[in-house]
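Visitor: Okay, here's the structure, questions in a sec.
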Amino acid sequence: MSINDSISSAESLNQISERLAALEKELKSIRERNLRVEASKEWETSRARLFSITGITYVTMLLVFMVLGSSKPFADALVPTTGFFLSTLSLSFLRDRFGK
């Protein structure tokens, strides 16, 4: 083996090592991103999110009906809130059916 072959082989090993390190870094980045996406999806499909948005919708609609001078704002606020809640239930049913 000549000196040139040794140098070329060392450079090649160095390039392979650098490429391997870059791939490992990219794989780590992808795994971290997947964890974030899974956590986000978990929140998006959680009942806690559904009930939080439903509660916020009720309070918002209650304030709207109070400002508009409704004679029964507490009952009136239930209508859009119930509509929202039912739409989330039926949409998941339709989504599951659509996917088949």
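Visitor: Residues being more than 14 Å from the chain's Cα centre (by Cα) and not in a helix (DSSP H, G or I): count how many of those fall in the stretch 28-74.
Guide: 5
Visitor: To continue, here is another question. Within the stretch 45-82, how many residues turn out to be loosely packed, with under 11 Cβ neighbours inside 10 Å and at pLDDT below 95?
Guide: Result for the stretch 45-82: 3.
The values are calculated or read from the model by the stated rules, or taken from the named source; none is laboratory data. As the structure is a computational prediction, the values presented were derived from the model and not from experiment. All Cβ positions, glycine included, derive from the backbone under ideal geometry; neighbour counts span all protein chains shown.
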